[in-house]
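Participant: Supplied in structure tokens, the structure appears directly below.
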Amino acid sequence: MALNLYNSSRVVSRDDQVICGASRARYFPMVIQSGKGSCFTDLDGNDYIDFSSSAAVLNTGHSHPRVLKAIKAQLDQYIHFSCDYLYAEPQVKLAEAICRIVPGDYKKKVSFGHSGSDAIDGAIKLARAYTKRPGIVSFMGAYHGSTFGALSASAICHEMRRGIGPLLPGFQHLPYPNCFRCSLEHARSTCGLACFSMLEEAFSTYIVPEETAAILIEPIAGDMGFIEPPEAYMTALQRFCRKHGILLIADEVQQGMGRTGRWFSFEHFNLEPDIVVMGKALGSGLPISAVVAREEISNALEMPAHLFTLQGNAVAAAAALATIETIEEERLIENAKMMGDFLKSRFRALMKDYQVIGDVRGRGLSIGVELLADRELKTPDPEAAVKITYECFQKGLLMLFLSSNVLRIQPPLILDAATAEKAVDIVEGAVKAYSKNQLGDEAL
Ligand code: PLP
């Protein structure tokens, strides 16, 4: 079958692969026909285990019966009703549920959008309106979305910025605290948190604290390859923000909704962000996102300043409410932690036999397996990532990769042990074949 496939925003064909940053386009000649649980079937009748969750969207799996039931029930009532101060019931219930799952015993307000990107823009607007300051500080290598605000905060690769500028003024980027590849070349045990000293230095030289509205951070950096800052860095960051009246925005679009073994990844660091942004898995695949903030922060923004006709659509809101209920009632957060620990231990065991596996990290069901050509020098092996993911695909496991050389393991949170075992066996087979130089070049 001749196909044109989408990669990022560009159409690619088999002979016209796109290079995005350092990573090659993933070419999977497949179109999905149906999905159930952790698996799906393509148009040719081939079955796959889904280790992508469609980029961390399908936390409840494909077509969870409870989510489907809620969508169908809402469709039978009405599809949409929302305009300025008019609300639909699922929106109201969803806002209440979101305020409940976001930690913090204070009054919160929620506003809805359709995507992680527009929600990040909403958070930026809130921070500027509340603090009456223009500056937004985020991190190098971060991805926060495609709208102009979210893109201005992102700093991931030229291809996402080239030819569309100028982006928005007022944005600065600092190095993300990455102990696996420390930009200051320190060892973790002796660094004395030099990365945080660097942040302080930036704020005492070229970034003016009293002109900075917010620091925007993904507490576990997904698209950087599942990088987790040291806890002491996050504690210091929180303190620094409070001292200077800078708001802390947590981007939970990818890692939120139970994926890391807590509702939100900032909980691993005991952070208390002022604004929390969520999307992706919130609607189990229907377009809905949310910005949650303290009431007084939310009140700073006049309503028309962040208004979309279809925001908080009733069907998407019903799906989101059912998603939260499903995650709670089926104890999917606990399952994410348990299955994640199991997968990590299996992948770590493979490190002994296969030099190409250089690091295994992550929390819950957001796991990164970093592939290296040289462990000592930490030289990335992007060819291994392309060939191994393609071999897995051919053997019935869909898995993406990030940052050119990190296998991106993000299965649905409903994953069961038998499916996890089967998937690891497929990955092991592919890693073994790669290590023995048995994989061809067709995926390159
Ligand atoms: N923030 C993070 C951390 C993301 O991973 C993404 C998408 O990948 C976004 C924001 C943007 O979300 P969306 O693609 O729904 O606009």
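Participant: Is it fair to say Leu216 is crowded, with 19+ Cβ neighbours inside 10 Å, of a type outside the set (Phe, Trp, Tyr), touching a helix residue (DSSP H, G or I) at 6+ places or on another chain (Cβ under 8 Å) and within 30 Å of Leu94 (Cα to Cα)?
Facilitator: So Leu216 fits the description; yes.
Participant: Take Ser265 and decide whether it is within 13 Å of the ligand (Cβ to nearest atom) and out of contact with any helix residue (DSSP H, G or I) (no Cβ under 8 Å at 6 or more places or on another chain).
Facilitator: Taking the combined requirement at face value, the residue satisfies it.
Participant: Which ones in the range 127-141 are touching a helix residue (DSSP H, G or I) at 6+ places or on another chain (Cβ under 7 Å) and within 16 Å of the ligand (Cβ to nearest atom)?
Facilitator: Ile136, Ser138
This table checks each residue for (1) within 25 Å of Gln311 (Cα to Cα); (2) among the polar types (S, T, N, Q); (3) within 16 Å of the ligand (Cβ to nearest atom).
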position	(1), (2), (3)
Ile101	yes, no, no
Gly116	yes, no, yes
Ala150	yes, no, yes
Arg188	no, no, no
Cys195	no, no, no
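Participant: Right, something else. Could you check the range 270-281 and list, in sequence order, the residues that are assigned to a helix (DSSP H, G or I) and either of a type in the set (A, V, I, L, M) or free of Cβ contacts under 8 Å to residues at least 40 places away in the same chain (or both)?
Facilitator: If the condition is that a residue be assigned to a helix (DSSP H, G or I) and either of a type in the set (A, V, I, L, M) or free of Cβ contacts under 8 Å to residues at least 40 places away in the same chain (or both), then Ala281 is the only one that fits.
Participant: Quick one: Val253 ticks every box in (1) assigned to a strand (DSSP E or B); (2) among the aliphatic types (A, V, I, L, M); (3) within 12 Å of the ligand (Cβ to nearest atom) except a single one, so which number is it?
Facilitator: It is condition (1) that Val253 fails.
Participant: Looking only at the range 356-407, how many residues end up being part of a loop (DSSP other than H, G, I, E, B) and either in contact with a Leu (Cβ under 8 Å, 6 or more places away or on another chain) or surrounded by 21 or more Cβ atoms within 10 Å (Cβ to Cβ) (or both)?
Facilitator: 8
Participant: Mind checking whether some residue in the range 216-234 is more than 14 Å from the ligand (Cβ to nearest atom) and on the phi > 0 side of the Ramachandran plot?
Facilitator: No: the range 216-234 contains no residue that is more than 14 Å from the ligand (Cβ to nearest atom) and on the phi > 0 side of the Ramachandran plot.
Participant: Filter the range 282-312 for residues that are more than 15 Å from the ligand (Cβ to nearest atom) and either polar (S, T, N, Q) or over 30 Å from Arg133 (Cα atoms) (or both) and give the result.
Facilitator: Result: Ser298, Asn299, Thr309.
Participant: So Asp425 fits all but one of (1) within 25 Å of the chain's Cα centre (by Cα); (2) closer than 23 Å to Gly37 by Cα; (3) part of a helix (DSSP H, G or I); what number is the exception?
Facilitator: Single failed check for Asp425: (1).
Participant: Within the range 222-236, work out how many residues are within 21 Å of the chain's Cα centre (by Cα) and of a type in the set (A, V, I, L, M, F, W, C).
Facilitator: Here the count works out to 4.
Participant: Contact list please: Cβ distance under 6 Å, first residue in the range 282-310 and free of Cβ contacts under 8 Å to residues at least 40 places away in the same chain, second residue within 16 Å of the ligand (Cβ to nearest atom), pairs at least six apart or on different chains.
Facilitator: Listed pairs, sorted by first residue: none to list.
Per-residue answers, yes or no, for (1) charged (D, E, K, R); (2) farther than 30 Å from Ser34 by Cβ; (3) surrounded by 13 or more Cβ atoms within 10 Å (Cβ to Cβ); (4) modelled with pLDDT under 95:
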| residue | (1), (2), (3), (4) |
| --- | --- |
| Leu68 | no, no, yes, no |
| Gln74 | no, no, yes, no |
| Asp84 | yes, yes, no, yes |
| Ala88 | no, no, yes, yes |
| Val110 | no, yes, yes, no |
| Gly122 | no, yes, yes, no |
| Lys132 | yes, yes, no, no |
| Ile136 | no, yes, yes, no |
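Participant: How about the range 43-62: which of its residues are in contact with a Ser or Thr (Cβ under 9 Å, 6 or more places away or on another chain) and not polar (S, T, N, Q)?
Facilitator: Asp47, Tyr48, Ile49, Asp50, Phe51, Ala56, Val57, Leu58, Gly61, His62
Participant: Checking the structure you have, find out if any residue of the range 304-315 is under 29 Å from Asp42 (Cα atoms) and buried (at least 24 other Cβ atoms within 10 Å of the Cβ).
Facilitator: The answer is no; no qualifying residue exists.
Participant: Also, quick follow-up: Ala97 passes all but one of (1) within 16 Å of the ligand (Cβ to nearest atom); (2) surrounded by 15 or more Cβ atoms within 10 Å (Cβ to Cβ); which number fails?
Facilitator: (1)
Participant: Just to be sure, is Ser183 more than 21 Å from Ser154 (Cα to Cα), surrounded by fewer than 19 Cβ atoms within 10 Å (Cβ to Cβ) and not aliphatic (A, V, I, L, M)?
Facilitator: no
The values are calculated or read from the model by the stated rules, or taken from the named source; none is laboratory data. Given the structure is predicted, the values throughout are model-derived calculations rather than measurements. Neighbour counts are summed over all protein chains in view; Cβ atoms, including those assigned to glycine, are modelled from backbone coordinates with ideal geometry.
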